[in-house]
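Peer 1: Here's a structure for you.
No value in this document is a laboratory result; all are computed from the given coordinates. On a predicted model such as this, the values are computed, not experimentally measured, just so you know. When we count neighbours, we look across all protein chains shown, and the Cβ atoms used for this are built from the backbone with ideal geometry, even at glycine.
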Amino acid sequence: MSHSDSPTPVIPDAPAPAGACPHDELQPAACWNQVGVYGDGSCPELLRLVHCRNCPVYAAAGTQLLNRPLPPGYRHEQTRHFAVEKKLGEPAKTSGVIFRLRAEWLALPTQAFQEVAERRPIHSLPHRRRGIVLGLANIRGELLICVSLGHLLGLEPAGFLEALRSEYHRLLVVNWQGNRLAFPVDEVHGPHRFHLQELEQPPAALAKPNPAFTRGVLRWQRRGVGLLDADSLFTTLNRSLT
């Protein structure tokens, strides 16, 4: 008789005794895959047990699996695996806030930032129509000096100061060594942690942003982000405000 002509097992009509599976003839060690919850669900015991995990046959198969003899070499293999010292990655030592000015993505140390503010009016100051000073903005009841970081870095057109007072998306409030001010940006990504070893040297032909303020280039989302030197940048900003 061929395999295809073999008789189909007959499921008894009488209820199975408590603690026994009515389908013992269907390879009880795997009956849950045939007539149980992982099969066609035809096992009448499911009406009482709801799930195969509540069945003593399923539990007995699990106990047998856990109590089976260890395969040859298993103990030696596991001992060798857990004896290997784990090499933990060095935690990131630095983080910076990434933002965009025009087409350039830049970053400054996270500790320099105090707030990301929504767009608000920037009121110009008399006799300060040139340079990088945009004017004053009200930040939580305090008037802060706003500057054009893009002009300092050579990213903004020389005559764009007037339009920049209203044509921006976010205002970043910074405080470096007690000097608190704000500058508008086009987009803010937020903090990003990285290793200083990841920084690449700026290209020799880099014209924008000003290489004098660029500490290095950070790779982020397939982009090059210029990490600005906070000390050099804010020293120049403070000189420009006097």
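Peer 1: Let me see the pair-distance distribution of segment 94-241: every alpha carbon pair, 5 Å bin width, integer percents in order.
Peer 2: With a bin width of 5 Å, the distribution comes to 2, 9, 21, 23, 22, 13, 6, 3, 1, 0.
Peer 1: Roughly speaking, what is the stretch gain from Asn33 to Leu125, that is 0.36 nm per residue apart minus the C-alpha to C-alpha distance, in nm to one decimal? Intermediate values should be presented prior to the final figure.
Peer 2: Working: separation 92, 0.36 × 92 = 33.12 nm, distance 7.89 nm.
Full extension from Asn33 to Leu125 adds 25.2 nm.
Peer 1: Another question, if that's okay. Sort out for me the Cα centre separation of segment 73-87 from segment 188-202, rounded to whole Å.
Peer 2: Spelled out, the Cα-based centre of one part sits 36 Å from the other.
Peer 1: Pop the C-beta distance of Asp40 and Ala60 into the FRET formula with R0 = 22 Å and round what comes out to the nearest 0.05.
Peer 2: Values: r = 22 Å, r/R0 = 1.00.
Efficiency for this residue pair is about 0.50.
Peer 1: Related question: Set the Förster radius R0 to 30 Å, insert the Cβ-Cβ distance between Ser240 and Glu200 as r into 1/(1 + (r/R0)^6), and round the FRET efficiency to 0.05.
Peer 2: Numbers: r = 29 Å, r/R0 = 0.96.
About 0.55, to the nearest 0.05.
Peer 1: Once fully extended, how much extra length lies between Asp229 and Lys87, figured as 0.36 nm per residue of separation less the alpha-carbon to alpha-carbon distance? Kindly include the intermediate steps, with their values, before the conclusion.
Peer 2: On the way: separation 142, 0.36 × 142 = 51.12 nm, distance 3.22 nm.
So the chain would gain 47.9 nm between Asp229 and Lys87.
Peer 1: Moving on. For labels at Ala212 and Asp186 in the simple 7 Å Cα→Cβ model, what's the distance in nm?
Peer 2: A separation of 2.4 nm, rounded to one decimal place.
Peer 1: If I take R0 = 30 Å and measure r between the Cβ atoms of Arg53 and Arg80 in this structure, what FRET efficiency does the formula 1/(1 + (r/R0)^6) give, to the nearest 0.05? Intermediate results must be reported in sequence, preceding the final value.
Peer 2: On the way: r = 34 Å, r/R0 = 1.14.
For R0 = 30 Å, the calculated efficiency reads 0.30.
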